[in-house]
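Student: Let me begin by handing over the structure; questions about it come next.
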Amino acid sequence: MNVIEGAIVYSNLLVLLSIGLTITYITTGVPNFAQGSFAVLGSYVALTLLRFWAIHPYYSIPVAFVFGGFFGVLVYLLMLRPLIERGASVVILMISTLALDLILLGGFGAYSGFLAESTHKLATKFIFTQYDFDIWQFSGILFVSLAVIFVVFSGLFLLLYKTKFGVALRASMENPSLAEVMGVNVEYTRIFSWFLSGSLASVAGTLLPFRQEIVPLTGALIIVSIFASSIVGGLSSIIGAVIGGYIIGFSESYLTYQLSLVLGAYVLVYSKVISLIVLVIMLLAAPRGITGLKWGRAIWKKSSLQ
Amino acid sequence: MEEIILTIALWFGLYTIVTLSLNLEYGFAGIPNFGRALAVLMGAVAVGGVVNRLLILLFGIEGDLITASAQVRSIMNEMISSNPAYGIGMLLLYLLVAACLGGITGALFILPSAKLSEDYLAITLLAISEVMFMVCNYDTGIIGGYYGVSTPDVLSFIPGERRMLAFTLITLFVAIAVYILMERITNSPFGRLLRAMRENESVVKATGKNIMILRIKATSIGSAIAALAGALYSLYSVNVIATSFSRVEWTFYPFLMVLLGGAGNNKGVVIGTFTFVLVKVLLTIYKHEIRVLMNLPFEAVWLEYILFGLLMYFVLLYRPEGLIKERPIFSKVILEKVKKRA
């Protein structure tokens with residue numbers, strides 16, 4: 001897999017994850033530190049289907065989608081909603097997602113123990129690259145991840161702009177109290193956003209092992225990149241999450257690679273530092289993110305000066 | 001049995017230092033410091049990265065950090081075992097450097113808070129801490145990364161079987177000193193100002209106080225203290241390995257102890273720390289028995305994660321104020337006024 005290919009695949013997956021993070025933050029106000037582990041959940045779903053029934057990981061995408069979605073809904077209903085109802089502050093909600101992350105980490109470790117015992121194959125560390133195929137000189141994961149992104153984008157577009165539920169969803173994201181007055185059940189949109197968050201993360205998780213090795217701790221390692229993508233996008237719009245995902249994905253893989261050609265291979269260790277720098281610069285320069293910038297006003301000012 | 005008690009006492013001392021520092025920042029000042037592990041890591045960097053390099057320069061040893069540190073250890077151990085004063089001096093030097101480095105790190109890494117709201121700040125601090133952890137772990141040039149660097153044994157004048165006892169006593173002594181310091185700070189006008197800032201920043205601003213300076217003071221004191229724990233732990237294990245300063249061990253668990261005991265209450269936090277350490281050490285010691293008894297096909301550490309994650313959640317849900325609630329402020333002036341009214 002060459003560098004640009006890898007960067008595109010990685011960015012596609014980051015986009016899926018940061019869309020989920022952003023949408024649950026908009027609707028329920030929970031910055032979810034367990035988003036990375038939601039992805040690892042998808043990886044384990046794919047691994048289970050592969051080891052027990054020899055189902056190719058690409059075919060397990062729909063299963064992971066549904067499974068991850070229901071898991072997201074369960075997390076919201078059983079864990080976060082009781083806290084929100086008790087008026088927990090955003091810091092308490094964050095700590096609870098950190099707790100969830102730890103529970104999931106323990107769960108993955110324990111589950112891989114079961115899996116290893118019943119299949120006699122190592123499950124605390126796995127990779128799917130050997131199951132991938134080549135189309136021309138490109139790896140299959142490039143096309144599959146692009147196809148997933150295409151399906152997700154068009155599905156989201158149709159849902160948000162062509163259906164009544166989508167209108168209600170957008171209304172309750174813009175202004176929940178006004179939407180409630182107009183007869184929208186905001187609770188449904190919250191549950192739906194957690195379904196979407198869990199399912200997209202899970203799909204990203206089934207594809208991630210085609211690019212890198214998965215360990216139970218993978219979720220904790222990629223969470224910084226996911227948050228960086230969402231914050232660069234402004235944490236308040238889905239389009240922002242998409243743009244942020246590509247910016248962070250490319251700066252972490254492609255930019256780091258280019259820097260390593262100039263400065264030497266040791267730079268590769270610092271790939272996460274680059275996304276941290278992008279994140280901090282973005283926070284200091286434009287705390288509302290890319291979509292929060294008033295491009296229209298800037299253009300208007302420029303044209304009025306002339 | 002003696003060893004179990006010593007292990008519990010040692011970890012209780014180490015974790016008390018960290019949780020009290022976190023209590024100052026989160027419990028009193030209301031700063032959601034999700035990057036506590038960074039300050040602890042800085043303590044280890046002070047031992048393995050800063051003082052070790054100085055010693056290497058001093059003795060004029062050549063070679064890379066990892067092999068040179070091993071030579072430094074053998075030279076220093078001989079010096080210390082011949083004259084205990086060197087050992088005590090070195091221990092104090094290590095703690096001083098760790099506190100300075102921790103304080104500077106704390107003051108610098110809170111700077112983004114000037115422009116950020118609570119949740120963004122927490123995310124940023126977690127990200128900074130996590131990335132620094134990864135860098136220290138993968139880049140073997142800083143503190144030896146996952147290979148680790150060896151450090152001199154500051155207690156090499158004490159025979160091997162007594163070493164653990166001596167080290168535990170030193171750690172407990174530092175923990176008690178930190179507790180007294182924290183009680184003093186939090187009951188001073190500065191401590192009350194921190195609580196006021198937690199409740200309402202605008203009011204504090206309106207009285208002419210600079211919020212940013214207050215935050216920098218709180219985090220630099222807190223981080224300097226937390227770095228002591230990192231330095232003590234590295235000196236105890238005579239080895240600095242970046243891998244042992246993970247987010248779970250030094251950010252999540254301290255938060256669990258603070259919330260379990262009661263944020264904003266030093267006594268409660270100490271009790272919370274003791275409860276946690278007791279459970280954790282017993283789980284670690286009997287992990288093999290637990291595994292056999294419950295017929296688990298996996299390591300007991302995964303069970304520990306699930307258990308502590310659930311414990312944290314139930315504390316948040318059913319007892320967000322902790323075992324011991326934060327007490328209202330009763331300074332002399334306030335007490336008099338209350339009495340007058342009554």
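Rule-based calculations on the coordinates, nothing more; no lab input. On a predicted model such as this, the values are computed, not experimentally measured, just so you know. Virtual Cβ from ideal backbone geometry, glycine too; neighbours counted across all protein chains shown.
Student: Only Lys, Arg, Asp and Glu count, each charged at its Cβ (+1, +1, -1, -1), so figure out the dipole size of the protein assembly as shown about its Cα centre, rounded to 20 debye.
Tutor: Taking the Cα centre of the protein assembly as shown as origin, the dipole is about 2320 debye.
Student: Using a basic spin-label model with each label point 7 Å from the Cα along Cα→Cβ, how many nm lie between A:Gln130 and A:Phe153?
Tutor: Between A:Gln130 and A:Phe153, the label points sit 3.5 nm apart.
Student: With a ≥ b ≥ c taken as the square roots of the eigenvalues of the C-alpha gyration tensor of region A:3-305, please select rounded if a/c is under 1.5 and otherwise prolate if a/b is larger than b/c or oblate if it is not? Each step should come with its number before you reach the end.
Tutor: Details: a/c = 1.61, a/b = 1.17, b/c = 1.38.
Because a/c hits 1.5 or more and a/b fails to exceed b/c, region A:3-305 counts as oblate.
Student: So, with +1 on the Cβ of K and R and -1 on the Cβ of D and E, and no other charges, what is the size of the charge dipole of region B:13-153 about its Cα centre, to the nearest 20 debye?
Tutor: Once rounded to the nearest 20, the dipole reads 160 debye.
Student: How large is the Kirkwood hydrodynamic radius of region B:2-246, in angstrom, based on all distinct alpha carbon pairs? Intermediate results must be reported in sequence, preceding the final value.
Tutor: On the way: mean 1/r = 0.0535 Å⁻¹.
This gives a value of 18.7 Å.
Student: Which stretch or stretches of region B:23-55 have amide N atoms under 15 Å from the point lying 7 Å from B:Ile61's Cα along the Cα→Cβ direction?
Tutor: B:47-55
Student: What FRET efficiency, computed as 1/(1 + (r/R0)^6) with R0 = 30 Å and r the Cβ-Cβ distance, is obtained for A:Ile277 and B:Leu54, rounded to the nearest 0.05?
Tutor: So, using R0 = 30 Å, E works out to roughly 0.55.
Student: How many angstrom separate the Cα center of region B:203-225 from the Cα center of region A:172-212?
Tutor: Cα centres, region B:203-225 to region A:172-212: 38 Å.
Student: Tell me the mean residue ellipticity at 222 nm calculated for the protein assembly as shown from its helices only (DSSP H runs of n ≥ 4, each -39500 (n - 2.57), averaged over every residue, nearest 500).
Tutor: Helix contribution divided over all residues of the protein assembly as shown: -23500 deg cm²/dmol.
Student: Another one. Residue by residue through region B:181-190, what is 3J(HN,Hα) from phi via Karplus (6.51 cos²θ - 1.76 cosθ + 1.60, θ = phi - 60°)? Round to whole Hz and write x for glycine and proline.
Tutor: Per-residue couplings from phi come out as 4, 5, 4, 4, 4, 6, 9, 8, x, 4 Hz.
Student: Counting other C-beta atoms within 10 Å, and keeping those with at most 10, which DSSP coil GluC sites (Glu not before Pro) do you find in region B:52-132?
Tutor: Details: sites: B:Glu62, B:Glu78, B:Glu118, B:Glu130; in loops: B:Glu62.
Answer in residue order: B:Glu62.
Student: Where the centre of each part is set by its Cα atoms, how far does region B:288-342 sit from region A:60-89, in angstrom?
Tutor: That distance is 25 Å.
Student: Using only alpha carbon pairs under 8 Å that are at least six residues apart, calculate the relative contact order of region B:2-246 and give it in whole percent.
Tutor: It rounds to 43 percent for region B:2-246.
Student: Give me, ordered by chain and number, the residues 5 or more places off A:Gly289 or on other chains with an amide H under 5 Å from its own placed amide H.
Tutor: none
Student: Take the residue pairs B:Lys115/B:Lys205; A:Lys272/B:Lys115; A:Lys121/B:Lys280; B:Lys217/B:Lys339 and return only those whose Cα atoms are more than 26 Å apart.
Tutor: Pairs exceeding 26 Å: A:Lys121/B:Lys280; B:Lys217/B:Lys339.
Student: Additional query: Express in whole angstrom the spacing between the alpha-carbon centres of region B:93-144 and region A:101-119.
Tutor: 31 Å
Student: Still on this structure, I have one more. May I ask you to derive the relative contact order of region A:3-305, considering only C-alpha pairs under 8 Å and at least 6 residues apart, and to give it as an integer percent? Could you put the intermediate results ahead of the total?
Tutor: Numbers: 457 pairs, mean separation 106.2, N = 303.
Relative CO of region A:3-305 lands at 35 percent.
Student: Treating only the Cβ of Lys, Arg, Asp and Glu as charged (+1, +1, -1, -1), what charge dipole size does region B:2-246 show about its Cα centre? Round to the nearest 20 debye.
Tutor: With only Lys, Arg, Asp and Glu charged at Cβ, the dipole is about 840 debye.
Student: Would you work out which of B:Val238, B:Ser150, B:Leu41 lies farthest towards the positive end of the dipole of region B:2-246? Charges go on Cβ: Lys and Arg +1, Asp and Glu -1.
Tutor: Checking the options against the dipole of region B:2-246, the answer is B:Leu41.
Student: Read phi for every residue in region A:117-128 and hand back ³J(HN,Hα) as whole Hz from Karplus 6.51 cos²θ - 1.76 cosθ + 1.60, θ = phi - 60°, with x for Gly and Pro.
Tutor: Working through the residues one at a time gives 5, 8, 10, 6, 9, 4, 10, 7, 7, 8, 8, 10 Hz.
Student: Which of B:Ser113, A:Ser199, A:Ser229 comes first, and how do the rest follow, when ranked by fewest Cβ neighbours within 10 Å? Let's see the in-between values first.
Tutor: Working: B:Ser113 22, A:Ser199 26, A:Ser229 32.
Taking fewest neighbouring Cβ atoms as first place, the list is B:Ser113, A:Ser199, A:Ser229.
Student: Based on other C-beta atoms within 10 Å, arrange B:Leu91, A:Leu207 from fewest to most.
Tutor: By the 10 Å Cβ count, ascending: B:Leu91, A:Leu207.
Student: Next question, about the same structure. With a cut-off of 8 Å between alpha carbons and a minimum separation of six or more residues, what is the relative contact order of region A:147-306 in percent? Could the numbers behind the result be given before it?
Tutor: Working: 118 pairs, mean separation 25.8, N = 160.
It rounds to 16 percent for region A:147-306.
Student: Report, by chain and number, residues whose modeled amide H sits under 5 Å from the one on A:Phe126, excluding near sequence neighbours (fewer than 5 apart, same chain).
Tutor: Those lying under 5 Å, H to H, from A:Phe126 are A:Ile214.
Student: Per-residue HN-Hα couplings for region B:288-298, Karplus 6.51 cos²θ - 1.76 cosθ + 1.60 at θ = phi - 60°, whole Hz, x for Gly and Pro?
Tutor: Here the 3J(HN,Hα) series is 5, 4, 4, 4, 5, 4, 8, 6, 7, x, 9 Hz.
Student: Of B:Met312, B:Met1, A:Met79, A:Met182, how do they rank once you tally other Cβ atoms within 10 Å and put the fewest first?
Tutor: Lowest count first: B:Met1, A:Met182, A:Met79, B:Met312.
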